[in-house]
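This report refers to the structure that appears directly beneath it.
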Amino acid sequence: MPSSLLVIINTPARATHSLLAREALREAARAMQLPLRIETLLESGAQDPLAPEELAAAPLVLCVGEAPAQRLAGKAAHVATLAAVLADAAGVLRQCLQQEGADSPADSPAGAPGLIAARADATGATGASGPKEAERPGAENWQALKVVAVTSCPTGIAHTFMAEEGLKAAAAALGCQMKVETQGSVGAQNTLSPDDIAAADLVIIAADTQVDASRFAGKRLFASGTKAAIKNGQGLIRQALAEAQPHGAAPSAPKEAAPAAKKERTGAYKHLMTGVSFMLPFVVTGGLLIALGFALGGIYVYDDAHRGTLGWTLFSIGKSATFALMIPVLSGYIAYSVADRPGITPGMAGGMIANSIGAGFLGGLASGFIAGYAVKWLNEKIRLGRNLDGLKPVLILPLLGTLITGLLMYYVIGQPVAALLAALTQWLKGLQGSSALLLGLLLGGMMAIDMGGPINKAAYTFGTGLIASEVYSPMAAVMAAGMTPPLAIALAAWLFKSRFSAEERDGAKAAAVMGLAFITEGAIPFAAKDPLRVIPALAAGSALTGAVSMLAGCELRVPHGGAFVLPIPNAVTHLGLYLAAIAAGTVLSAVLLGALKKPAQTA
């Protein structure tokens with residue numbers, strides 16, 4: 001019987017992670033048929049301490065964390081980080097066992113006699129993927145792990161709560177303690193208290209918008225999008241446990257060039273979605289008030305002849321007050337997402353300028369990013385010292401940021417963007433025939449390709465932004481096409497029962513309700529199970545719906561609400577044709593699903 005490999009885990013300040021690392025090493029060693037003796041140093045004392053005689057006789061000691069130099073008395077040690085062990089325990093053991101002219105126990109069942117010391121890098125270079133054995137800490141140690149999380153998405157309706165469910169289910173499967181705060185359309189729910197945060201070992205932010213993380217200062221924090229929590233909650237928790245950094249601290253290792261570029265693209269998308277999420281309530285409220293004004297006072301309610309009437313007043317509140325804030329809010333919160341609070345003033349000022357010069361939502365997008373990155377750059381470059389740094393967020397950064405943004409909007413960016421928007425508006429208003437058909441096909445297909453992802457949100461943002469320019473037909477096509485996928489799933493499950501399991505048929509009922517409410521994400525569970533058949537079928541129906549809506553000249557003044565806003569007078573024009581467009585796309589997708597999907601028992 002070969003002698004045991006000795007391990008010392010010396011990270012007493014992180015007791016939970018130390019115990020998880022111990023179990024990960026045991027599982028990996030068991031799979032490799034490697035005898036192992038582990039001493040774990042905690043603040044309460046040493047668990048399973050190694051005797052001096054054992055240390056003296058061992059040819060090599062694996063140290064996780066800081067090597068106890070006095071106890072090892074010059075003995076060579078293989079040093080690995082706690083994060084490396086949690087990410088790939090088997091890989092750490094293999095590195096420890098490498099020697100000239102000898103194989104690891106994975107290749108030599110007899111064990112590893114005559115081990116030679118091999119010093120690891122301080123980073124414990126290991127891959128992120130390893131044997132599953134390294135990913136299954138003992139249940140009793142998962143139970144000691146306390147995790148808090150925040151989920152958020154641009155509309156705060158679907159992905160926010162799907163991510164919450166994914167994380168909760170993953171935590172239950174792993175056995176760890178989890179509390180999730182949702183920042184949805186109705187505000188924060190299940191809010192994390194200061195005590196929750198103080199007791200947490202790990203913080204996970206699964207969000208597609210900017211989330212204020214200042215309350216997590218000093219806590220180990222890991223950020224991702226909602227998709228990771230929805231698709232693989234357990235994987236996200238394990239990755240967060242291995243890679244989380246104390247909030248406010250620099251990363252432990254530099255990022256490679258390609259991942260950095262990908263992160264930057266994701267950042268720009270997140271900044272845009274943050275602005276859109278704050279803008280949406282203004283668009284919805286303004287659109288509904290304008291529609292109610294038309295319902296009470298007719299299509300010319302805005303004329304002076306109606307001044308003072310209830311219809312004119314509602315129209316004025318919606319048009320002159322609520323809608324007037326759309327672009328400044330969009331611009332301001334894009335800048336906030338990029339540069340935090342000092343970016344809000346320059347961003348909103350840039351949005352007001354975009355409104356005044358006719359640059360619309362395109363100008364708002366430009367001013368938001370200009371303001372955000374200008375303030376961020378100023379904040380990094382201006383150094384005033386500890387005594388004067390307090391002036392930066394309330395005086396210096398807003399002032400200089402507004403000056404830069406305003407001058408660029410008036411003298412450089414604004415007029416070209418306004419000309420571009422005017423040309424786009426005229427082209428869209430004049431669309432008919434094949435041009436309208438193609439735009440409808442494009443917008444409709446985009447709504448169903450990733451159902452709530454970046455492509456879907458790009459089409460939605462395009463339609464929503466044009467409302468400020470009084471172009472309403474793209475928004476009508478976008479909402480109709482977004483309603484179609486869940487409705488088609490529900491119809492197909494009813495017509496073609498053999499293609500869906502009993503569980504899927506029950507889920508299809510909920511999808512129908514989500515479709516009526518314009519929550520495209522209701523189709524995601526079905527698409528995830530069979531993407532190659534389901535996604536093309538849904539995209540074809542949504543494209544047809546978008547095309548019919550555009551050809552019919554349907555216009556929608558309200559960017560959300562689904563079927564529940566359709567009864568409001570003047571919210572949508574050509575209501576009968578609009579409903580026909582939704583029905584046509586739903587039927588086409590349902591028929592394609594029935595034709596393409598395999599029977600449930602053989603799928």
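Side notes on the structure shown:
- For region 240-250, filtering for residues that are buried (at least 18 other Cβ atoms within 10 Å of the Cβ) and in a helix (DSSP H, G or I) leaves 3.
- Exactly one residue out of I568, I535 is among the β-branched types (V, I, T), assigned to a loop (DSSP other than H, G, I, E, B), open to solvent by 20 Å² or more (accessible area, probe 1.4 Å) and closer than 30 Å to M279 by Cα: that is I568.
- Boolean, I519 is under 30 Å from the mean Cα position of the chain (by Cα) and surrounded by fewer than 22 Cβ atoms within 10 Å (Cβ to Cβ): no
- Among the residues listed as T151, T126, the single one being modelled with pLDDT of 70 or more, of a type outside the set (D, E, K, R) and surrounded by 15 or more Cβ atoms within 10 Å (Cβ to Cβ): T151
- The listed residue being modelled with pLDDT under 85, surrounded by 13 or more Cβ atoms within 10 Å (Cβ to Cβ) and of a type in the set (V, I, T), out of I237, I230: I230
- Verdict on L491 being part of a helix (DSSP H, G or I), within 30 Å of A291 (Cα to Cα), open to solvent by 10 Å² or more (accessible area, probe 1.4 Å) and touching a residue at least 60 places away in the same chain (Cβ under 8 Å): no
- Boolean, L420 is closer than 25 Å to S277 by Cα, assigned to a helix (DSSP H, G or I) and open to solvent by 70 Å² or more (accessible area, probe 1.4 Å): yes
- Scoring A260 on the criteria (1) assigned to a helix (DSSP H, G or I); (2) of a type outside the set (D, E); (3) surrounded by fewer than 19 Cβ atoms within 10 Å (Cβ to Cβ); (4) at pLDDT 85 or above leaves a single failure, condition (4).
- Within the span defined as region 198-207, every residue fails to be free of Cβ contacts under 8 Å to residues at least 24 places away in the same chain and assigned to a loop (DSSP other than H, G, I, E, B).
- Answer residue from region 24-33, given it is open to solvent by 20 Å² or more (accessible area, probe 1.4 Å) and not basic (K, R) and is modelled with the lowest pLDDT among those: E27
- Members of region 201-218 that are in contact with a Pro (Cβ under 7 Å, 6 or more places away or on another chain) and surrounded by fewer than 21 Cβ atoms within 10 Å (Cβ to Cβ): G218
- Residue that is surrounded by the fewest Cβ atoms within 10 Å (Cβ to Cβ) [pool: residues in region 344-384 that are out of contact with any Leu (no Cβ under 9 Å at 6 or more places or on another chain) and not in a helix (DSSP H, G or I)]: R383
- Sole exception among (1) surrounded by 24 or more Cβ atoms within 10 Å (Cβ to Cβ); (2) closer than 14 Å to P486 by Cβ; (3) in contact with a Phe, Trp or Tyr (Cβ under 9 Å, 6 or more places away or on another chain) for C554, by number: (2)
- The sole residue among A477, A481, A448 that is closer than 30 Å to R533 by Cβ, open to solvent by less than 10 Å² (accessible area, probe 1.4 Å) and modelled with pLDDT under 90 is A448.
- Residues satisfying the stated conditions in region 17-35, i.e. in contact with a helix residue (DSSP H, G or I) (Cβ under 8 Å, 6 or more places away or on another chain), not in a helix (DSSP H, G or I) and not aliphatic (A, V, I, L, M): P35
- Flag if S434 is open to solvent by 60 Å² or more (accessible area, probe 1.4 Å), of a type in the set (G, A, S) and at negative phi: yes
- Filter result (in contact with a strand residue (DSSP E or B) (Cβ under 7 Å, 6 or more places away or on another chain) and either polar (S, T, N, Q) or over 26 Å from K457 (Cβ atoms) (or both)) within region 214-236: F216, G218, K219, R220, S224, T226
- Residue within region 448-463 that is in contact with a strand residue (DSSP E or B) (Cβ under 6 Å, 6 or more places away or on another chain) and in a helix (DSSP H, G or I) present: no
- In this entry, G156 is excluded by the filter for residues that are modelled with pLDDT under 85, surrounded by 15 or more Cβ atoms within 10 Å (Cβ to Cβ) and assigned to a helix (DSSP H, G or I).
- Restricting region 300-320 to residues that are aliphatic (A, V, I, L, M) and in contact (Cβ under 8 Å) with a residue 12 or more places away in the chain leaves a set whose member that is most open to solvent (accessible area, probe 1.4 Å) is L310.
- Among the helices (runs of 4 or more DSSP H) confined to region 58-100, the ones with at least 1 residues that are open to solvent by 10 Å² or more (accessible area, probe 1.4 Å) and closer than 15 Å to R37 by Cβ are located at 69-72.
- Among the residues of region 179-191, at least one is assigned to a loop (DSSP other than H, G, I, E, B), surrounded by fewer than 19 Cβ atoms within 10 Å (Cβ to Cβ) and at pLDDT 85 or above.
- Check on T573, crowded, with 22+ Cβ neighbours inside 10 Å, among the polar types (S, T, N, Q) and under 29 Å from S277 (Cα atoms): no
- Criterion violated by R341 - all others in (1) loosely packed, with under 15 Cβ neighbours inside 10 Å; (2) at pLDDT below 90; (3) farther than 29 Å from I290 by Cα satisfied: (1)
- The set of residues in region 390-406 that are within 15 Å of A374 (Cβ to Cβ), out of contact with any Asp or Glu (no Cβ under 9 Å at 6 or more places or on another chain) and open to solvent by less than 90 Å² (accessible area, probe 1.4 Å) comprises K392, I396, L397, P398, L400, G401, T402, I404, T405, G406.
- Looking at A528, A510, just one residue is under 17 Å from L596 (Cβ atoms), assigned to a helix (DSSP H, G or I) and out of contact with any Leu (no Cβ under 9 Å at 6 or more places or on another chain), and that residue is A528.
- The set of residues in region 582-601 being under 10 Å from R533 (Cα atoms) and part of a loop (DSSP other than H, G, I, E, B) consists of K597, K598.
The values are calculated or read from the model by the stated rules, or taken from the named source; none is laboratory data. The shown structure was predicted, so the numbers you read here are calculated from the model rather than taken from an experiment. Virtual Cβ from ideal backbone geometry, glycine too; neighbours counted across all protein chains shown. Heads up: the accessible areas ignore ligands, DNA and RNA and are worked out on the full protein's heavy atoms, side chains in. Shrake-Rupley method; radii C 1.70, N 1.55, O 1.52, S 1.80 Å.
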